[in-house]
Amino acid sequence: MTLSRPITQAAGALRDKFREVRATSLALAAPLSAEDQCIQSMPDASPTKWHLAHTTWFFETVLLQPHAKGYQPFDPRFHYLFNSYYEALGPRHPRPHRGLLTRPSVDEVHAYRRHVDEAVIGLLEEEGERGEGGLDWAAIEPIVTLGLNHEQQHQELLLTDILHALSCNPLLPAYKPASGPALRLAAVPPAVRWLSRPGGLVEVGHAGADFSFDNETPRHQALVQPYAIADRLVNCGDYAQFIADGGYQRAELWLSDGWAAVQANGWRHPAYWLAPDDPRLGFGLQPQQHHQQQHASPQGAAAGWHVFGLNGVRPMEADAPVAQLSFYEAAAYAEWAGARLPTEFEWEAACDAPGIAQMTGHVWQWTRSSYDPYPGFRPMPGIAAEYNGKFMVGQLVLRGGSVATPAGHTRPSYRNFFPPAARWQFSGLRLAKDL
Ligand SMILES: [Fe+2]
């Protein structure tokens, strides 16, 4: 095929977007060795190689097999290997065993990606040549768009999952050593300003023709009471004070399940923090960081902590948003601070509040809202019906998007969700309180 086929603007734009998103996934995996890409550090996290293959499987299964005439699967066995959770598509390799797939190799997974990429681009160009009269465009366009948004979700998981795997290695290797200034979470202003918000009915959820996931719809009215919301995220310096004040030793601050998790797991700080006496500190720092460490002079409760992130181990930055918190820790911090977590409706209604900052692109923000269907919720049609709705029990909603979220992927109505004990995401919090 050539790049100059006369296809419609819409098909051309979607083809370009497809190429860009697919290339980004490979770029995210590029700093990792084949050994890195095979490992599964816990059942919740998947190997890099699996993410690269599963996102490919999604296009093959949902788009190509039903819509590309004469499409030949790259390897029919991959249907079993790389189905994630789609019961309607039959049995699959057990999730906790994804790290046992030393075969197919990374190179074979790359070949699988190329095979599917060529077929998807061929399909888009074929449909695009037909123009407005294209037979299947109305069916294909939403599937490709869903597949790209699905792949972007896995791009974030690829990063958070490999970060967890690397955090399990006592050498604390960097995903990507910092060259020049470290990738860091942006600084937050020192003092919290409380923004008062009125009570009443607020409009929440997605409306309009742009893409959204089904869990953001339908747009509807929700009732909120008058409340105040913090203009910024809770930062590491704030959280260090909670720790120094015995936050992890004071049962009265914790939900019952949270306190049980603290006891069972020995939690004493966020997942990737290293206490000043952590023996791994001698392994994980880059040589130049040893030098910097001697000259760093962090103040008060923040002194001596280090944080493991995508750039490896770094001295903790008090003004960076705190991340890698479970819902339980976020709720305990809020209790300690004399506040609470916002509901997801309060959060969404505050997106356009004058003076509010750090709503997106820093850390996912735990809310006090259960992940439930909106009134009138209907799952996406077809195979994608299993995408969101069946997970609407036992999880909490997070809003905003993190540093690991692909740019432009989220919206004010975007709903992420995790179980309350999950702490391997870039998850933090913003405070709210009643008025
Ligand atoms: Fe998936």
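Which value in Å does the Kirkwood hydrodynamic radius of the chain take, with 1/r averaged over all unlike C-alpha pairs and then inverted? This gives a value of 23.3 Å. Each peptide among 262-268, 115-121, 199-205 gets the average number of other Cβ atoms lying within 10 Å of its residues, and from highest to lowest they stand as 115-121, 199-205, 262-268. Annotation: the residues S370, S413, S256, S326, sorted from fewest to most other C-beta atoms within 10 Å of their own C-beta, follow the order S256, S370, S413, S326. Computed over the chain, the per-residue total of -39500 (n - 2.57) for DSSP H runs of n ≥ 4 gives a 222 nm mean residue ellipticity of -10500 deg cm²/dmol, rounded to 500.
Neighbours of A302 by Cβ distance under 14 Å: Lys/Arg scored +1, Asp/Glu scored -1, total -3. Using only the Cα atoms of the stretch 316-408, each taken as one equal point scatterer with no solvent, compute I(q) by the Debye sum, divide by I(0), and report log10 of the ratio at q = 0.14, 0.23, 0.25 Å⁻¹. One equal scatterer on each Cα of the stretch 316-408 leads to -0.65, -1.38, -1.44.
In degrees between 0 and 90, to the nearest 10, how far off the longest principal axis of the chain does helix 256-265 point, with axes built from Cα atoms? For 256-265 against the chain, the angle is about 90 degrees.
For the stretch 302-358, what relative contact order do you get, as a whole percent, if you take Cα pairs closer than 8 Å and at least 6 residues apart? Relative CO of the stretch 302-358 lands at 16 percent. Residues L100, L325, L195 in ascending order of nearby Cβ atoms (within 10 Å, fewest first): L100, L195, L325. Here C168 and A88 are evaluated by their C-beta separation; at R0 = 41 Å the FRET efficiency comes out at 0.75. Going from the residue with the fewest nearby Cβ atoms within 10 Å to the one with the most, Y239, Y414 rank Y414, Y239.
Considering Cα pairs under 8 angstrom that are at least six residues apart, work out the relative contact order of the chain and quote it in whole percent.
For the chain, the relative contact order is 18 percent.
Excluding D372 itself, what net charge comes from residues whose Cβ is under 15 Å from its Cβ, given Lys and Arg +1 and Asp and Glu -1?
Details: positive: R368, R378, K390, R399, R415; negative: D214, E216, E344, E348.
Net charge around D372: +1.
Spin-label pair A111-R19: with each label point 7 Å from Cα along the Cα-Cβ axis, the two points sit 2.5 nm from one another. Shown here is the pair-distance distribution of the stretch 1-138: with all Cα-Cα distances grouped in 5 Å bins from zero up to the longest one, the shares run 2, 9, 19, 20, 18, 13, 9, 6, 3, 1 percent. Summing Cβ point charges (Lys, Arg +1; Asp, Glu -1) relative to the Cα centre of the chain gives a dipole of roughly 460 debye.
Just so you know, all these numbers are worked out from the coordinates, no wet-lab data involved. Bear in mind the structure is a predicted one, so any value in this text is a computation, not a measurement. Glycine gets a Cβ as well: all are built from the backbone with ideal geometry, and neighbour counts include every protein chain shown.
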